[in-house]
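First comes the structure, then the notes that go with it.
What follows is calculated from the coordinates using simple rules that are stated; it is not laboratory data. Remember, predicted model here, so these are calculated numbers, not experimental data. Neighbour counts are summed over all protein chains in view; Cβ atoms, including those assigned to glycine, are modelled from backbone coordinates with ideal geometry.
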Amino acid sequence: MRVVQHRDRRRRARWRRGLWGGGEVLVTVGAVLMLLVVHQLWWTNREARQGAERKVAALEKEWGSGSSASGGAPSASPPASVSPSVAAKAPGSARQRSYTPVPVLVSGTPRRSQAYAILTIPRLHLRVPVAEGVSKPDVLNKGYVGHYPGTQQPGQAGNFALAGHRNTHGEPFRYLPALRPEDILQVETKAATYTYAVDKILPQTSARDSGVVRPVPRSLVRPSYGYDRPGYYITLTTCTPEFTSRYRMVVWGELVSMRPRPRG
């Protein structure tokens, strides 16, 4: 009888040690996962935003443009606090252009991953570098917006198509769903500032819907969205819904004006 009780005590002790060890493993795994989440949702945003702000400042210094015309560095505050769009009050519209088409004022072809322009979206309080290509490690994960290779350059006839993260790594396009028709999109280069007005919004399409970045953009998945005539377009794409990459959201705009940069 005593031997049996001793065995039971040892068995229970082993169970307790096993449960305790398993609990420690689960706590450790949970802590590691929490650190990974903090890294993705906070640290990558912080690092990417700071890097993007430095690059904007460097481009402005290179161009001799001084401080930002739109009020400085981008804000991470949600668009609900932003005043209504100024685009509706601006002269010209997506269908009544106030410019005469001219050759694009971009000198040469940007190198791969080179930041060569600045995208400003007043409604989103966003001011972010535009770099050549859509590589995650070399462009998007730096908090930049990437230019789809093979699409046109700012102000050029056709489609100037861009991609940006919706979440993490600076998430420049997190609040893209807040954009409305006639909102202003400005693209600055060393030579000129191009102003576009938001015209059409495609809430969701396939990640492989290549039609949205064609010279005359039109969705291949949802053909009722897009254009049927040549023009001067800008396309913004990002992942949707949030924290997934299954689908894409698309915003299209048309060029309304071009202002050459004053030469010093």
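For the reader, a short list of remarks on this structure follows.
- Listed by chain and number, the lysines placed with their C-alpha closer than 23 angstrom to that of LYS200 are LYS89; residues fewer than eight positions away on the same chain are left out.
- With neighbour counts taken as other beta-carbon atoms within 10 Å, the residues ILE234, ILE184, ILE118 rank, fewest first, as ILE184, ILE118, ILE234.
- Packing-based order for 129-136, 167-174, 56-63, using average beta carbon neighbours within 10 Å, highest first: 167-174, 129-136, 56-63
- Near the amide H of GLN153, within less than 5 Å, lie no amide hydrogens of residues on another chain or at least 5 residues away, with H placed in the peptide plane.
- Taking the C-alpha atoms of the stretch 133-264, convex hull volume expressed per residue in Å³: 110
- Packing around the peptides 215-222, 187-194, taken as the average count of other Cβ atoms within 10 Å per residue, puts them in this order, highest first: 187-194, 215-222.
- Residues whose amide H lies under 5 Å from that of GLY158, counting only those 5 or more places away or on a different chain, are GLY231, TYR232, TYR233; hydrogens are built 1.01 Å from N in the peptide plane.
- Given LYS61/LYS142; LYS55/LYS190; LYS142/LYS190; LYS55/LYS136, the pairs whose alpha carbons are separated by over 23 Å: none
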